[in-house]
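*Asks:* Sharing a structure here in structure tokens format.
The values are calculated or read from the model by the stated rules, or taken from the named source; none is laboratory data. All of these numbers come straight from a predicted model, not from anything done at the bench. No Cβ is skipped: glycine too gets one built from the backbone with ideal geometry, and neighbour counts run over all protein chains shown.
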Amino acid sequence: MSTQVFAPAKTRAFKIIQPETTYLGSLIKPLAKGLPKITQSMCPECSALIEAVLSEEDGKVVMEKSCPEHGFFKDVIYSDVKLYLKMEEWSFGDQRGIMNPAVTDATTCPTDCGLCNLHLSHSGLTNLDLTNRCNLTCPVCFANANSAGYLYEPSIDQVRQMLKDLRAQQPVAGRIVQFSGGEPTIYPYFLDALRIAKEEGFSHIQCATNGIKFTDLEFAQKAHEAGLHTLYLQFDGVSDDIYLKTRGEALMEKKLKAIENVRKAGMKICLVPTIVKGFNDHQIGDILRLAIDNIDVLSAISFQPVAFTGRINRHELMAKRFTQSDFAHAVHQQTGICDPYQDWFPLSCVTPFSKMASALRGELTTHLSCHPHCSLGTYLFVSPKKEAVPVTRFVDVGAMLQEMDQLSRKAGAARIKMFSKINAWNSLRKHFHAERAPEGLTFTKFLETLQGLTDKRFGRGDSEKQGFTYKTLMVAGMHFMDLYNYDVERVKRCVIHYAAPDGKIYPFCTYNGGPTFREKIEKEFSTPFSCQPQLTQLRAR
């Protein structure tokens, strides 16, 4: 065993703009980089806030912490220290949170939550649970009315108010909402909820679903007409032996049927596989190949390493823990498409692009300024022959992001009126290498595709049908936390949130892990639930 001091590589030649306070005046502690370092975590037994040390051990990044009452805990945060440190290199600074948080006097993260004056990001994507009922009984689910014994199902008026709360967020109104659950499609007013979201001005309306209801083409068409854009489709593998264990049913045929109906209805799909080491991680390559083969309807894959929300012994934890670096290596080993060290970047690296888009439009846009260890990803550009090429092969991504960051600063308050918008985009041409690009991808088409990724007026509908954008597939790993790997610094920067009927908005990893506000909210706004009759009716539909 070895323990060394690791510092992030010096790859940037410019200074990051780091705000000193949130909008409400709370001091911002800049992101700590390198190893070892100390952070705040929680005890897996009693949820008490305790100090944790992150360090390198045998090429891995481990978290070690001790609770005065429950003893010592250890977990692997990243299985590859080199990749861990690379993610930190591509962080472009924090945001200042929101101007109108529900909690204005918070002193302790993550317990004084909803969002609060300590939070550093605004809502990138917000989940809104419509029900905790489901037409499946999955053992890995965060929400399950059958086992909870109560029904959480907000009224349509409460749904409308939650959507209004998101749109009222300042200085950037919530723009992306994902209806979730339970299984949101069995909510009695599901189509009404979609219509209201459309009326309220959400540009991205999504649904986290198991896909069963979408095996009905008429339902898929009605959902699209009501405003649904994208399905986040539960997709744990490509064979029924996986689904029998994770979901209790043979579902592969239904998954493929749902994909076909979504294609006919004119929507998009992001596949969402929950990955457990030694269980379904061997099918990561198969899932990726299926997505490439269906690139006309599949726009993304969000691989999610399993979060252990209950108690688990150390041996089982080590055997099943699957980290984001495991994911990056698995993609390379199973497909040969992406290099683990060259092609992956943290989700937060796109903030320079968001800043530049804000300057070009003359209005603030969504900034995904999450912690660099929350996620990693890449974009694959897929040719007409279904050849997938990582964007890093023909674009100097790092240099381009740095220049975008500088351009957005140059614009400043003038919103790029100081120089031509066309010249701003064309200044990026030097980072594009046409000779290495996939078939048919010119620099102009590349810029149009970037525009389509951020402005859905160009990224879907008639513009897409007319070939305005090139086919792309976002491939990402998003590792939500549990009490074993909990890091408060990640919570403060979370961009994936939950809207609740108490008028508050919660970071994902406080709602489903850590303090687990989900239990409090659902019980407060619930009614008793008799599961067996309900379950029988659901399965009969």
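*Asks:* So which residues in segment 214-242 are surrounded by fewer than 24 Cβ atoms within 10 Å (Cβ to Cβ) and either without any contact (Cβ under 8 Å) to a residue 12 or more places away in the chain or closer than 12 Å to residue 191 by Cβ (or both), if there are any at all?
*Replies:* Of everything in segment 214-242, those that are surrounded by fewer than 24 Cβ atoms within 10 Å (Cβ to Cβ) and either without any contact (Cβ under 8 Å) to a residue 12 or more places away in the chain or closer than 12 Å to residue 191 by Cβ (or both) turn out to be 218, 219, 221, 222, 224, 225, 226, 227, 241.
Residue by residue, here is whether (1) surrounded by fewer than 19 Cβ atoms within 10 Å (Cβ to Cβ); (2) under 23 Å from residue 300 (Cβ atoms); (3) modelled with pLDDT of 95 or more holds:
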{"residue": "450", "(1), (2), (3)": "no, yes, no"}
{"residue": "457", "(1), (2), (3)": "yes, yes, no"}
{"residue": "463", "(1), (2), (3)": "yes, yes, no"}
{"residue": "469", "(1), (2), (3)": "no, yes, no"}
{"residue": "517", "(1), (2), (3)": "no, no, yes"}
{"residue": "537", "(1), (2), (3)": "yes, no, no"}
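*Asks:* Considering only segment 27-56, how many residues are within 22 Å of residue 306 (Cβ to Cβ) and either out of contact with any strand residue (DSSP E or B) (no Cβ under 7 Å at 6 or more places or on another chain) or among the acidic types (Asp, Glu) (or both)?
*Replies:* Residues that pass the stated criteria total 2.
*Asks:* Criterion first (more than 30 Å from residue 189 (Cβ to Cβ), at pLDDT 95 or above and either of a type in the set (Gly, Ala, Ser) or not in a loop (DSSP other than H, G, I, E, B) (or both)) does residue 121 satisfy it?
*Replies:* Here the answer is yes, as residue 121 does meet what is asked.
*Asks:* Residues of segment 59-98 being small (Gly, Ala, Ser) and either closer than 16 Å to residue 324 by Cα or surrounded by fewer than 16 Cβ atoms within 10 Å (Cβ to Cβ) (or both), which ones?
*Replies:* Our first condition is that a residue be small (Gly, Ala, Ser); within segment 59-98, this holds for 59, 66, 71, 79, 91, 93, 97.
Across segment 59-98, the qualifying residues are 59, 66, 71, 79.
*Asks:* Given the condition over 26 Å from residue 509 (Cβ atoms) and out of contact with any Cys (no Cβ under 9 Å at 6 or more places or on another chain), answer yes or no: does some residue in segment 308-331 qualify?
*Replies:* no
*Asks:* Further, regarding this structure: Can you tell me which residue among 256, 271 is modelled with pLDDT of 95 or more, buried (at least 17 other Cβ atoms within 10 Å of the Cβ) and not in a loop (DSSP other than H, G, I, E, B)?
*Replies:* Criteria check complete, one pass: 271.
*Asks:* Might you check whether a residue that is closer than 27 Å to residue 437 by Cα and not in a strand (DSSP E or B) occurs anywhere in segment 374-382?
*Replies:* Checked against the condition, which is being closer than 27 Å to residue 437 by Cα and not in a strand (DSSP E or B), segment 374-382 yields no hits at all.
*Asks:* How many residues are under 23 Å from residue 306 (Cα atoms) and either crowded, with 24+ Cβ neighbours inside 10 Å or modelled with pLDDT under 85 (or both) when one looks only at segment 348-368?
*Replies:* 1
*Asks:* Is there a residue being at pLDDT 95 or above, assigned to a strand (DSSP E or B) and not assigned by TED's automatic domain parsing to the domain that holds residue 398 anywhere in segment 85-97?
*Replies:* Scanning segment 85-97 turns up no residue that is at pLDDT 95 or above, assigned to a strand (DSSP E or B) and not assigned by TED's automatic domain parsing to the domain that holds residue 398.
*Asks:* Quick test of your reading of the structure: residue 5 fulfils all but one of (1) out of contact with any Phe, Trp or Tyr (no Cβ under 9 Å at 6 or more places or on another chain); (2) over 24 Å from residue 352 (Cα atoms); (3) modelled with pLDDT of 95 or more. Name the failing condition by number.
*Replies:* (3)
*Asks:* Any residue in segment 210-226 that is modelled with pLDDT of 95 or more, within 17 Å of the chain's Cα centre (by Cα), closer than 30 Å to residue 278 by Cα and of a type in the set (S, T, N, Q)? Lay out the reasoning, then the answer.
*Replies:* Step one: list which residues in segment 210-226 are modelled with pLDDT of 95 or more, which gives 210-226.
With the extra rule that they be within 17 Å of the chain's Cα centre (by Cα), the set shrinks to none.
No, the conditions are met nowhere in segment 210-226.
*Asks:* Oh, and also: Considering (1) in contact with a helix residue (DSSP H, G or I) (Cβ under 8 Å, 6 or more places away or on another chain); (2) assigned to a loop (DSSP other than H, G, I, E, B); (3) of a type outside the set (S, T, N, Q), say which one residue 328 fails and leave the rest.
*Replies:* (2)
*Asks:* Another question, if that's okay. Could you tell me which of the residues 358, 408, 383 is of a type in the set (Ser, Thr, Tyr), more than 21 Å from residue 283 (Cβ to Cβ) and in contact with an Asp or Glu (Cβ under 7 Å, 6 or more places away or on another chain)?
*Replies:* 383 is the lone residue from the list that is of a type in the set (Ser, Thr, Tyr), more than 21 Å from residue 283 (Cβ to Cβ) and in contact with an Asp or Glu (Cβ under 7 Å, 6 or more places away or on another chain).
*Asks:* From the set of residues in segment 509-530 that are among the hydrophobic types (A, V, I, L, M, F, W, C) and under 17 Å from residue 130 (Cβ atoms), which is nearest to the chain's Cα centre (by Cα)?
*Replies:* 521
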